[in-house]
Each structure stands twice: as C-alpha cells, then as structure tokens.
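The values are calculated or read from the model by the stated rules, or taken from the named source; none is laboratory data. This structure is a prediction, so every number in the text was calculated from the model and none was measured. Cβ placement follows ideal geometry from the backbone for every residue including glycine, while neighbour counts extend to all protein chains displayed. We work out accessible area using only protein heavy atoms, side chains counted, and drop any ligands, DNA or RNA first. Shrake-Rupley method; radii C 1.70, N 1.55, O 1.52, S 1.80 Å.
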Amino acid sequence: MPDTTDRTARPTGRADDQADARPTGLATSRADDRTDARPEAEEVAEAALALRPRLVARHPVREGFKAYLRPHRWTICLSALMALGGSVLNLVGPSQLSRITNIVAEGLTGGVDLARVGRLTAVLALLYALGLVLNYVQGYLMAGVVQSTTRAVRQDLSRKFNRLPLSYLDSRSTGDVLSRVTNDVDTMSQSMNQSMSSLVSSAALLVGSTVMMLWTNWVLALAGITAALLGMTLTMGTVRRSQVYFQRQAEQLGALNGHVEETYDGFTVVKAFRGEARASRVMHERNDELYDSAWRSQFLSGLMMPLMIFVGNLSYVVVCVVGAVLAMDGSIEFGTIVAFMVYVRLFTQPLQTVGQVASSLQPMTAAARRVFTLLDEEEMGPEVTSDDPAGAPRPGEVVRGAVDVEHLRFGYTRDRVVLHDFSARVEPGQKVAIVGPTGAGKTTIVNLLMRFYEADSGSIRIDGHDVTAMTRAQLRDMFGMVLQDTWTFQGTLRENLVYDVEGVDDERLDEICAATGITELVRQLPQGYDTLLDETVTLSAGQKQLMTIARAMVKDAPLLILDEATSSVDTRTEIQVQAAMDRLMQGRTSFVIAHRLSTIRNADLILYLEGGDVKESGTHAELLERGGAYAALYNSQFDPA
C-alpha cells in the first residue's frame, strides 16, 4: 500500500462545487461511478489511486514519478542491492588482476608461479560470473517495475477521461489529447525501459569504482575524478539547454497531430471549399516548427555520447600520465597502474551510460510532463452535492419521469451566460420539444439534465429528487439518448446495439430491429448480428441513425433525449426515423430538440427559447394561434424562397 504522508487536498469541479480532496485518476466505464456491485479489483484500484499524492504543478514530473514508483519501492531497493552486489563483484576483479600482474612481473626475473596464477584466474572468472547473474536479476526486476508503472499510467488515463468535465474536451484539440495518451505514454515507456535499469547499475558502479580508486591510490583517483567532473559540468549544461527544446517538441507534435486530425475529419469540407492550400500551409508551418525544435533537441542530445567519451578518454590520459610519474618515483607498483586502467574504464563506463540515458531522459521528461499535467487536471465536481432531505431515489423505486426545472442559471464562463432563469414542469410520459434559434441554449439544457455540466444556480428534480442528490451514474441510467452525431465503433452489430446492457437475447433484438426498421439491414449483413462493423461495411446515415434509436430502445430508460436526431437524413429517411422515434417515445418522458419543426407538431409541450429564457410555451396549435415567435419560426420554413 503506498505511503500517504504527502497526500494533499485539492478542489475539483466548478468553483461552487469544489470538494476537499480527490484522487488523480478515474473510472473506465459508466459502471465505474456506481457505488454498488463493483468488482473488487476496481475498488482496490480506486483505493490505491486515492492514496497517490496530487501532482504539484511546479514539479509534475518529479511528483508524478514519486507517486507511481512508490508502490514498487521495495522492488527497486532489491534491484539496487542486486546492482550494488554485481558492481562490487566487478570491482573486486581489478584487484585480483593487479595481483596476477605483480606475480607475472616478479616472475620475469625468476619463475612464474603458474599454480597461483591459475587459482587467482579461477577466482576472477567466478567473480565475474556471479556479477553477471546479479546484473541479470536486477535488469529483470527493473523491467517489471517499468511495465507495471506504464500500465498504471494508462489505467489512470482511462479513468481520468471518465471524470474529466466536458468543458476540458470542448476546449482542447482532439489530436493533442490523443497525442498525450498515445505518443507521450509510449515515449515514457520506451525511455524508462532503456534508462531505469541502466541508471541503477550505473550509479552503483560509479560509486563503487570511486571508492575502489580512492582505496587503491588517492592521488590517481583525484586526478581521474577531477578530469571527469570538468567534463560532466559541460555535459549538464547541454542537458539543461536541450530540455527546453524537447518540451517544445512534444507540444508542437501535439499541435501537429491536432491539425492532421481536424483536417482529415473534415476532409470533405476542405475539398468542397478548396481549402487544400490553407491546410497545406498550416501543415508546413507546424511541421517546420516541429522540425526546428526536433533538430535542436536531437542535436544537443546527440552531443551527450561524444562528450561522455571525451570525459572517459580525458580521465584515461590523466591517469596514465600521473601513474607514469608515480611509477618512476617508485610510489606505486606496475600492477597498481594496470588495476587503475580497469578502474578508470569502470568509472567512465557509467558516465557514458549516463550520457546515453540523458539522451532518452529528455524526451521522456517532456512527455511525462504532458501526461502528468493531464492527470492533474480538474475533475468533475463531487457526485452528490445536494443537502435535499428527499435525497436520491430508494433502491427499486420506479421512475415515473416527472421533471421539474426551477430557476436554472448557467454559463460556460462567467462572461458567457447561456441560461438566465429557465423553469419548466414536465409530467410523466410527456413529449417536450425545445426549439429556438441557434445559441438559445437548447443543447445546454440537455447538458444540465445529464450533469455533463453543473448549473450555477437553480435545481432540476426527477420525481421530486434533486439530480445533485444522485450519483451521475444513477442519473444517467434514467436517460436514453439519440444524438445528431451517430456513433458506431469497430465491433459486431450486436455489440453496437447492446453496448453496455447485459442479458439481451436475439429475440429481444429482433423485436427492436423490427420496431426501428433495420431488420432488412440485419438480413443483408453476412453474419447478421455477429457481423463485424469495420471499414469493409458501409452504412448510410439513416441506417446509423436507426441503429442509435435501436440502442436507446435496448437500454429501455424511462426518460429520453433526442437532440437533432433527424437533421442529417433526407426527407424519406426522416419519415422512417421519425416513425421509429415515435415508437421509442411511447410511455417515456421525452425531450426533443429539433430545427425541423414539422417533426414536433405532436409534442405535448413546446418550449420556445430565445436569449436563454423561455419566451413561449404550449402545444403546437396554441402557439400558432398566438402568432408569436414560434409561429413566425414555423411559418418561415414554408415561405417561398
């Protein structure tokens, strides 16, 4: 269990709904927000996540790695001990080599004790073999730590997205967000895999070789270490300078990915408006900016290895010169110089490794900063914020679908108030149409009903229960949605229709497909419900829309939201879609947003919004009889051009 000593509290959500504390990560599905029937593994993951410290904005990388590596601290300590043991065994070798060299040198004037040389050689080989085993185990342990850490980061990112407010995704490029989740996490994983194991063993070898050199001959040791420190000073300056360009490279890569995603998502529009030149110009500008940052960062990073080789050679030369002087004075034996040659190699080897690691740590640090910053973003407000004595619905309580909205006020920003004082009373089973000009606040009402955003003031009650007294999962289980933008994913037709509902058999699917008019589509597909919907299966806009209606029917929620569900289909398909929606709305409280007013003439209540307020309300016939704004809007659809 991670340590909790540096856990800190932080506010979440909107300013008026801030909580005292929150974990860093998030749930992966709609069911993750439920407080009941969650798998034990999810509960353990949430508990562990809650104990991770908040990533401090000034040091997100340092605090982030501390949080994720803390659960593996004992494994890292064991790995460090293995690395230390392997380094000690490798460092004992030069002393044995020095003894062998002295025996051979003494035997040049007489006879060489080959038996003794053989014994020392066998001991030397055994030491190196044991060192190899310990280094292998150390590498195996660190590989496990790296992969476990990367998996935890991906899981937390998955949970994070389910707890991010919609405002975060609305205000950022999709490509930049995807770049953080894919490119940046992959960069972290690859760099950690290359560097962490090397850093542990290199640190142990560096410390051990320093101690052995000082123990063998402090004069030679100081000469070699001083030369190495001079070179390291130059190297660290280069590292600090390159970090700026690596951070800029990561940000510009996200911007480039965002532009590419937006361009190809709207490729038809770009072609239709002959925007290829503009798109290409922006692409080249951002590509040139990325090239400049990448070139500078890679150039400076590429200097690491040559600089470290220079440091190693400089130390080697200094040790040779100083050792020769001491040998001529008779201060040291020839075997000491031989041993020191090996020690210098062992001392400069980790320095060269650090140079290689520094090259990979620069992009990793830049990528980690973007990932940990995303994990530290403000999340949605607390699940339950109401002190309503009625509280949430009791378990098993039947939802009738009565909706009361009182004095609702909301703005996406303080300067952009969309709803000023919206109130409405909807009876169970009523069909309510919300109409008005663009920007009147129609879709905003849907966002507030579903608690995608939290209202600034006012209340929404369902069957007398304030929605803020429920968890978001409880609230959203009450609603089915059919949106203008149809969404299908790569999976079977059955998976697309059923989605998150369990226990739906073929007989029930047959009934729903017949009601929505997609039975013929099912028959045309080669494997029926089990046909994989990928790039080889072409579906029309109308078929996709009917599939979303069928998905809402499968959910069988007591309340329904239809947001411009027929705006992207032709007139003939609209009739088919409208018939399916009428069957879907039977017995359900329904909120319909539509610009085609002909589709909502049979609504029980029509609310005409303008400027964030209800200007008119009533049935279609009543509003036409009044001859007000709704009548003018309705008649304008039939006026000759």
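Looking only at region 323-336, decide whether some residue is surrounded by 20 or more Cβ atoms within 10 Å (Cβ to Cβ) and farther than 28 Å from TRP218 by Cα.
So far as region 323-336 goes, no, none of its residues is surrounded by 20 or more Cβ atoms within 10 Å (Cβ to Cβ) and farther than 28 Å from TRP218 by Cα.
For region 471-506, what are the residues that are assigned to a helix (DSSP H, G or I) and touching a residue at least 12 places away in the same chain (Cβ under 8 Å)?
Within region 471-506, ARG472, ALA473, GLN474, LEU475, ARG476, ASP477, LEU493, ARG494, ASN496, LEU497, VAL498, ASP506 meet the criteria.
Take ALA203 and tell me if it is at pLDDT below 80, among the aliphatic types (A, V, I, L, M) and open to solvent by less than 40 Å² (accessible area, probe 1.4 Å).
no
Within region 393-430, track down each residue that is under 19 Å from PHE591 (Cα atoms) and among the β-branched types (Val, Ile, Thr).
VAL399, VAL403, VAL405, VAL418, VAL426
Please determine, by comparing only the residues of region 468-488 that are among the β-branched types (Val, Ile, Thr) and closer than 24 Å to ALA594 by Cβ, which one is surrounded by the fewest Cβ atoms within 10 Å (Cβ to Cβ).
THR488
Would it be correct to say that GLN155 is surrounded by fewer than 16 Cβ atoms within 10 Å (Cβ to Cβ) and farther than 24 Å from GLU378 by Cβ?
Considered against the rule, which asks whether it is surrounded by fewer than 16 Cβ atoms within 10 Å (Cβ to Cβ) and farther than 24 Å from GLU378 by Cβ, GLN155 comes out as no.
When only residues in region 489-536 that are open to solvent by 40 Å² or more (accessible area, probe 1.4 Å) and of a type in the set (A, V, I, L, M) count, which is farthest from MET581 (Cα to Cα)?
LEU532
Evaluate the following for GLY64: is it in contact with a Phe, Trp or Tyr (Cβ under 6 Å, 6 or more places away or on another chain) and at pLDDT 70 or above?
yes
Identify the residue in region 111-132 that is free of Cβ contacts under 8 Å to residues at least 40 places away in the same chain and not hydrophobic (A, V, I, L, M, F, W, C) and, among all such residues, is farthest from GLN194 (Cα to Cα).
GLY111
Mind checking which residues of region 599-623 are farther than 14 Å from ALA440 by Cβ, surrounded by 14 or more Cβ atoms within 10 Å (Cβ to Cβ) and polar (S, T, N, Q)?
Those that are farther than 14 Å from ALA440 by Cβ, surrounded by 14 or more Cβ atoms within 10 Å (Cβ to Cβ) and polar (S, T, N, Q): THR599, THR619.
In region 259-313, what count of residues is obtained for those that are open to solvent by less than 60 Å² (accessible area, probe 1.4 Å), among the aliphatic types (A, V, I, L, M) and touching a Leu at 6+ places or on another chain (Cβ under 9 Å)?
The qualifying residues number 5.
Of the numbered conditions (1) more than 22 Å from MET380 (Cα to Cα); (2) open to solvent by 20 Å² or more (accessible area, probe 1.4 Å); (3) of a type in the set (A, V, I, L, M), VAL181 satisfies every one except a single condition; which is it?
(1)
Checking the structure you have, find out if any residue of region 564-581 is under 28 Å from GLY396 (Cα atoms) and touching a residue at least 40 places away in the same chain (Cβ under 8 Å).
There is at least one residue in region 564-581 that is under 28 Å from GLY396 (Cα atoms) and touching a residue at least 40 places away in the same chain (Cβ under 8 Å).
Hey, among SER423, SER360, SER386, which residue is modelled with pLDDT under 75 and touching a strand residue (DSSP E or B) at 6+ places or on another chain (Cβ under 7 Å)?
Every option except SER386 fails the conditions.
When you go through ASN135, ASN193 one by one, which is the residue that is open to solvent by 20 Å² or more (accessible area, probe 1.4 Å) and either within 22 Å of the chain's Cα centre (by Cα) or free of Cβ contacts under 8 Å to residues at least 60 places away in the same chain (or both)?
From the options ASN135, ASN193, the qualifying one is ASN193.
Going by what's in this entry, would ARG626 be described as open to solvent by 10 Å² or more (accessible area, probe 1.4 Å), among the basic types (Lys, Arg) and over 37 Å from the mean Cα position of the chain (by Cα)?
Taking the combined requirement at face value, the residue satisfies it.
Looking at the structure I just gave you, is ALA433 buried (at least 22 other Cβ atoms within 10 Å of the Cβ) and assigned to a loop (DSSP other than H, G, I, E, B)?
The answer is no for ALA433.
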